[in-house]
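Here is the structure we will look at, set down as C-alpha cells.
The values are calculated or read from the model by the stated rules, or taken from the named source; none is laboratory data. Not measured: the values here are computed from a predicted model. Here Cβ is always computed from backbone atoms with ideal geometry, including for glycine, and neighbour counts include all displayed protein chains. Accessible surface is based on the protein model in full, side chains and every heavy atom, while ligands, DNA and RNA are left aside. Shrake-Rupley method; radii C 1.70, N 1.55, O 1.52, S 1.80 Å.
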Amino acid sequence: MNRNEEYQALLQELEPTPAALDGTAERALRRRRRDRRLRLFGVPAGSLAACFVAFVLLVNLFPPFARACGTVPVLRTLAQAVAWSPSLSAAVENDYVQPIGQSQTVNGITATIEYVIVDQKQVNIFFTLEGEGYESLSAEMPEFTPRQQCAVLSSDFRQPPGTLLRFTLDYSDNDVPEGFTMTFGVTGETGEEAEDRPTAPSRSILDEPEREEPDILAEFTFDLAFDPTYTAQGEIVPVNSTFQLDGQTLTVTEAEVYPTHVRVNVEGDPDNTAWLEDLDFYLENEDGERFDSITNGVSATEDPDIPAMKSFRLESPYFADSAHLTLHITGAKWLDKDMERIRVDLINGTADRLPEDVALYSAERSGNGWLVQFSAPEEEEMHFHQLFSMTYYDAEGNEYSMDSRSTMTEPYIEGFISDEAFDAYRAAGEGRFFEVLPLQDYPYEEVWLCPVYSRTTQAEVPVTIPIK
C-alpha cells in the first residue's frame with residue numbers, strides 16, 4: 001500500500017464520525033488564529049490536509065478527541081509524536097513535516113521510516129519496528145555515512161512493536177546536510193528469554209558492569225534525503241547584550257531561531273570567578289506567550305575549551321508569528337573556578353568543599369574500591385540532577401573514569417551503610433536524592449572529584465533582554 005492509499009484508508013476509518021468527535025473539528029478550526037498555507041509533498045491536498053491539521057489541533061486542545069481516536073493505530077502514534085515536544089507539536093500543526101515512507105523487512109522484522117522533522121540544525125527521524133512474536137523491539141544506536149558531527153539521541157528501548165520511535169541528530173558547529181545513509185541494528189525480546197535464563201547472581205554496585213551484547217536480529221540501511229526547503233530554515237539574530245548576575249559578567253551574543261528549537265549563545269567575561277553551567281530563563285512574545293527551556297532533548301552544549309556551557313536551548317516561537325521576543329533570565333548555576341576539583345578524605349568521610357546544599361553521606365571501602373555517596377535536594381518532585389562528573393583524580397593528578405554512577409531516592413545500604421546512618425536518613429525526611437559514585441580498583445585514601453556545579457543563583461529582579 002503506498003502513502004496515498006494509506007491516508008485514504010485512514011480517512012475511511014474515520015467515517016462515520018464517532019459520537020465523541022461530532023462537531024469537534026469545526027469548533028477547533030474556528031479557534032485558529034490565522035490561515036496556514038499547506039505544503040502537500042505529493043499527497044492530494046483536499047480533505048487529507050484539512051484532516052491532518054485539524055487532528056493535530058484537536059489532540060493538543062481536546063483530550064476527548066485523543067481518547068476517541070485511540071482505536072485508530074496511525075492516529076494514536078501520531079498523537080504520541082506531537083505530545084512530548086511543544087516545538088515539534090507546533091511544527092506538525094503547521095504541516096512542517098516531510099513524509100518518508102521507506103520500509104524494509106529483514107528476518108521477519110519490518111522497519112519503516114515514517115517521516116522527518118528537520119531544519120538547519122536538527123533532524124528528528126520518526127520510525128516504527130514491527131515483528132510477530134516479539135513483546136518488544138529496540139533500535140540500536142545508528143551509524144551514518146558520511147559520518148555526522150553531531151549529538152545523537154536515541155528513542156526508548158524495549159517498546160512494543162508498532163511504537164513510534166525516534167532518533168534526534170543535533171548539530172552544533174555545522175549544518176544539517178542534504179542527506180545521509182543511516183544504518184542501525186534491531187534487537188528484540190519474545191518473553192521466553194526470561195523463563196529460560198538462569199537466575200543471575202547478586203551483584204554489588206562496585207562489580208564490573210556486565211557487557212553482554214544483545215543479539216542483532218536484523219540490520220537496516222536507509223538512504224535519507226532532506227528537502228532543502230526545510231534544511232534552510234533558521235534565523236540568526238544578533239543581540240550583543242551584556243549584563244551582570246551574581247557578580248559575574250555575561251554577554252548574550254546572539255539567538256538562533258529554528259522551527260525545532262531556539263539557541264541562546266552566551267559568553268562569560270574572562271575575569272569572572274565562575275563558569276556558567278546553566279541558566280534559568282524563558283522567552284516571551286508580545287502576546288505573553290512563553291517559551292521555556294528544553295526538557296526532553298539537548299538542553300545546552302558546552303564550550304570545548306573551558307568547563308562552561310556556551311549555548312542554551314529553548315522551545316521555539318518560530319510558528320507563533322511573534323513581532324517581538326524578550327528573553328527573561330531568572331537564575332543561573334555556576335562552577336566556581338577554584339572548585340573544578342575538590343578533595344575528599346575517604347578514610348574520615350570528609351570533603352574540603354562541596355557544592356551548595358550537597359552533603360557527603362558516606363565513604364566506605366569495598367575490596368579494592370570505594371563507594372562514595374552524596375545527597376542533595378531534589379529540584380522538583382522526583383527530579384534529579386548530576387552532582388559530579390565521571391572523571392576523578394588521585395594525589396598525583398592521574399586521571400580515572402567511572403564506568404557508571406547511580407541516582408537513588410534512598411541511600412545504597414547493601415553491606416555499606418550502618419544502621420545508625422540509615423536511621424539518620426529516615427529522620428531527615430524526604431526531598432533529597434543520592435548520587436552513588438563507585439571508585440573501582442581505587443586503593444588510595446583520598447580522591448579529587450570534579451563537581452558539575454558549585455552553587456546556584458536566583459535573580460532578585462529578572463534580567464530582561466530584547467531579542468527582536
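Annotations
- Charged neighbours of THR301, selected by a Cβ distance under 10 Å, balance to -1 (K, R count +1; D, E count -1).
- The label-point distance for ALA232 and ASP321, in a model that sets each label 7 Å from Cα toward Cβ, rounds to 2.3 nm.
- Per-selection metrics, region 283-396 (Cα): Rg and Dmax in Å: 19.6, 63
- Packing here is the average count of other Cβ atoms within 10 Å per residue, and on that basis the peptides 136-142, 101-107, 398-404, highest first, run 136-142, 101-107, 398-404.
- Fully extending the segment from ASP173 to GLU132, taken as 0.36 nm per residue of separation minus the present Cα-Cα distance, adds 10.5 nm.
- Simple spin-label estimate for GLU356 and THR253 gives 2.6 nm between the two label positions (7 Å along the Cα-to-Cβ direction from each Cα).
- Measuring r between the beta carbons of MET141 and TRP84 and using R0 = 22 Å, the FRET efficiency lands at 0.65.
- Accessible surface of ASP357 - all protein chains present, 1.4 Å probe, nearest 10 Å²: 100
- Region 97-182, relative contact order in percent, only Cα pairs under 8 angstrom and at least six apart counted: 28
- Accessible area (Å², per residue) of region 239-330, counting only protein heavy atoms and a probe of 1.4 Å: 42
- FRET efficiency estimate (nearest 0.05) - Cβ-Cβ, ASP292 to ASP95, R0 25 angstrom: 0.55
- Residue order by solvent-accessible surface for LYS337, LYS121 is LYS337, LYS121, largest first, with ligands and nucleic acids left out and a 1.4 Å probe.
- Surface composition of region 258-401: carbon and sulfur make up 40 percent of the accessible area, probe 1.4 Å.
- Candidate residues ILE216, ILE125: accessible-area rank, largest first, probe 1.4 Å: ILE216, ILE125
- Based on protein heavy atoms only, region 108-147 ends up with 38 Å² per residue of surface accessible to a 1.4 Å probe.
- Net charge in the neighbourhood of VAL237 (other residues with Cβ under 13 Å of its Cβ; Lys, Arg +1, Asp, Glu -1) is -1.
- Rough spin-label spacing in nm, given labels placed 7 Å along Cα→Cβ, for THR242 and ASN265: 1.8
- Rg/Rh, computed from the Cα trace of region 212-330 with Rh as the Kirkwood radius, has the value 1.09.
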